[in-house]
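Below is one structure, written out as structure tokens; comments come after it.
The values are calculated or read from the model by the stated rules, or taken from the named source; none is laboratory data. Remember, it's a predicted structure, so these values are computed and weren't measured experimentally. Reconstructed Cβ throughout: ideal geometry from the backbone, glycine too, with neighbour counts over all protein chains shown.
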Amino acid sequence: MTVIQIVLITLIAYWKMTDTVTLQLFAFNTIVCGWLVGLVMGDPATGLYIGATMQLMSMGVVAVGGSSMPDYPVAAIIATAIACSTGRGMEAGLAIGIPVAMLGVNFDVIYKIFNGFLMHKEMSLIENGKFASFLRLVKVSPVFYGLCSALPVFLCVAVGPTVVNAVLDFMPAWFTTGLSIAGGVLPGVGMAMLLMYMPLSKYWSFLIIGFVLTAYLGVPVLGVGAVGLAAAYEVYKKEMRAATAPAGAVSSLGDLEDE
Amino acid sequence: MSKEKILTKKDCRQAARRWLIGISTFNYETQLAPSYAFSVYPLLRKMYPDDEDFKASLLNAMKYYNTMPWISPFVMGAALGIEDEGGVDSLEAVNNFKVGIMGPLAGIGDTIGWAMIPTIFGSIAASMGMQGNPLGIFLWAAFTFAFLAVRILEVEWGYNMGINVVTKLGKQITVFTEACSVLGLTVVGALIASVVNLKTGLTFTNGDVVMEVQGLIDGVMPRLLPVVAVGLMYFFMNKKKVKMTHMILIIIVLSWIGAATGIFTA
């Protein structure tokens, strides 16, 4: 591979990740990566074939609500680059591309943790009235996110797959497993924060209803939302009556209902 | 009671364009809140010339927020509509409203936007690509580019809806806030059961049978561990005033220990 090819392929990886987290014009479009790298390597047909294969592999694997998933675009990029440069076909490319895609997920988790520290800094900037600095700091996130893909791709195509395998071997299992466990638990912090802002002591029963519907009955969040809407409407009607009627009328109405 | 509106169509489009910062600011605690605050920043500044009011509103915008990014502009517009009508007194209503509708809308958005559309266009593009034809890529891209227009217009649509809701309610906005928080709490209950994940890998041997503790827990109460985890976090942050940053570090360290000992599993 020439230096120009390495640079272009790294840029493709950077662009793809940046698009996925900002404009999302090519979100979940894995095949475009294979094709673009194929063009760079002078073999778009092979690139398309590998991209299409990865596209089919990735389908059904949908990250919802910010969970991390294998970085299939990275796998397509590396698989195409390796397959075209070594001439050993798609299998050789995938054998290296898939492990690197798994490495990419770790970068993704680490970046989201890094974003958390940025967020705290942003909060304190707002509290201190430094609004312009707050705006500047938010802009950091989209600029460096692309490195989560660009870095592993660059390492792989420039230095060779042995380095990537060495990095993967070096990382102990508890480190990567621990990170994905933390990735599962950390959204709970946001939930706990949210509950602190909401009238939990007054309406905690609805929290239980929502939980039971999903945990025991497997109702999707949209269905739970419909139940919540119904409950909200009843509360709304009741409170509206209390708010509009004069105090005396409410108590006499209450008496009537008791009888 | 209806006061002079501050935001214009142009402001709404500006917020929509700024939202293209997308999910890049995603963090585990407030999720997409920094993107949200960044998008509405100039609009809030216009609404609140007073620094203290502006600060209160911006901090409100920095609270936990997550929904499907292509539907988010609509939520944002509606919240802006409520806030433009109600001012700094409506901040609680704005947040409860956001929390109440972001979950259900994310449910629709994820299913259509992240499952159906990529499956349809992806299989077309893949089958064409297998034969060496890149046209499928452009077909897919044509759709996402066209949808970009919808994403820009959504803020205006939401804004008009938000204004209508508040105009109709008038002084009873606090009632609306309460109702929103009921919806919100129901949805948060569902989110705890679906978004937070924690499993144990512990097993014990009973005679010849190896019992998995997770299986036993699921039999008693599915998603018990996520609830306990959120409950503990709530307790330590609300009652013991543990800082969020410390909480996160504790969670990461405990996850590593849990992974090393096998108490927790991914």
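Being of a type outside the set (D, E, K, R), touching a helix residue (DSSP H, G or I) at 6+ places or on another chain (Cβ under 7 Å), more than 19 Å from A:Leu125 (Cβ to Cβ) and not in a helix (DSSP H, G or I) is true for just one of B:Pro69, B:Pro49, B:Pro104. Which residue is that?
Exactly one residue qualifies, and that residue is B:Pro69.
Every residue in the stretch A:130-143 that is touching a helix residue (DSSP H, G or I) at 6+ places or on another chain (Cβ under 6 Å) and within 7 Å of chain B (Cβ to nearest Cβ), please.
Scanning the stretch A:130-143 gives A:Val138, A:Ser141, A:Pro142.
Which residues, counting only those in the stretch B:17-32, are part of a helix (DSSP H, G or I) and either at the interface with chain A (Cβ under 7 Å from one of its Cβ atoms) or of a type in the set (D, E, K, R) (or both)?
If the condition is that a residue be part of a helix (DSSP H, G or I) and either at the interface with chain A (Cβ under 7 Å from one of its Cβ atoms) or of a type in the set (D, E, K, R) (or both), then B:Arg17, B:Arg18, B:Leu20, B:Ile21, B:Gly22, B:Ile23, B:Ser24, B:Thr25 are the ones that fit.
Looking at the stretch B:108-126, is at least one residue under 21 Å from B:Leu185 (Cβ atoms), modelled with pLDDT under 85 and either basic (Lys, Arg) or touching a helix residue (DSSP H, G or I) at 6+ places or on another chain (Cβ under 7 Å) (or both)?
Checked against the condition, which is being under 21 Å from B:Leu185 (Cβ atoms), modelled with pLDDT under 85 and either basic (Lys, Arg) or touching a helix residue (DSSP H, G or I) at 6+ places or on another chain (Cβ under 7 Å) (or both), the stretch B:108-126 yields at least one hit.
Give the residues of the stretch A:1-33 that are of a type outside the set (A, V, I, L, M, F, W, C) and closer than 25 Å to B:Leu20 by Cα, sorted by residue number.
A:Thr10, A:Tyr14, A:Lys16, A:Thr18, A:Asp19, A:Thr20, A:Thr22, A:Gln24, A:Asn29, A:Thr30, listed by residue number.
Please go through the stretch A:45-60 and pick out each residue that is surrounded by fewer than 24 Cβ atoms within 10 Å (Cβ to Cβ) and either out of contact with any Phe, Trp or Tyr (no Cβ under 9 Å at 6 or more places or on another chain) or at the interface with chain B (Cβ under 7 Å from one of its Cβ atoms) (or both).
A:Ala45, A:Thr46, A:Tyr49, A:Thr53, A:Leu56, A:Met59, A:Gly60
If you take the residues in the stretch B:202-240 that are among the charged types (D, E, K, R) and within 11 Å of chain A (Cβ to nearest Cβ), which one is farthest from A:Val189 (Cα to Cα)?
Of everything passing the filter in the stretch B:202-240, B:Asp218 is farthest from A:Val189 (Cα to Cα).
Looking at the stretch A:65-74, is at least one residue at pLDDT below 90, in a helix (DSSP H, G or I) and either surrounded by 24 or more Cβ atoms within 10 Å (Cβ to Cβ) or more than 10 Å from chain B (Cβ to nearest Cβ) (or both)?
Scanning the stretch A:65-74, I find at least one residue that is at pLDDT below 90, in a helix (DSSP H, G or I) and either surrounded by 24 or more Cβ atoms within 10 Å (Cβ to Cβ) or more than 10 Å from chain B (Cβ to nearest Cβ) (or both), so the answer is yes.
With respect to A:Phe170, determine if the residue is more than 7 Å from chain B (Cβ to nearest Cβ), touching a helix residue (DSSP H, G or I) at 6+ places or on another chain (Cβ under 8 Å) and surrounded by fewer than 19 Cβ atoms within 10 Å (Cβ to Cβ).
no
Of everything in the stretch B:189-216 that's touching a strand residue (DSSP E or B) at 6+ places or on another chain (Cβ under 7 Å) and either hydroxyl-bearing (Ser, Thr, Tyr) or in contact (Cβ under 8 Å) with a residue 12 or more places away in the chain (or both), which residue is surrounded by the most Cβ atoms within 10 Å (Cβ to Cβ)?
Here the residue is B:Leu198.
Take the residues in the stretch B:170-201 that are more than 30 Å from B:Ala79 (Cα to Cα) and part of a loop (DSSP other than H, G, I, E, B); name whichever of them is farthest from the other protein chains (Cβ to nearest Cβ).
Ranking the qualifying residues of the stretch B:170-201, first place goes to B:Gly201.
Here is a yes/no grid of residues against (1) modelled with pLDDT under 90; (2) within 30 Å of A:Ala52 (Cβ to Cβ); (3) of a type outside the set (Phe, Trp, Tyr):
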| site | (1), (2), (3) |
| --- | --- |
| A:Glu91 | yes, yes, yes |
| A:Asn106 | yes, yes, yes |
| A:Ser133 | no, no, yes |
| A:Leu147 | no, yes, yes |
| A:Leu179 | yes, no, yes |
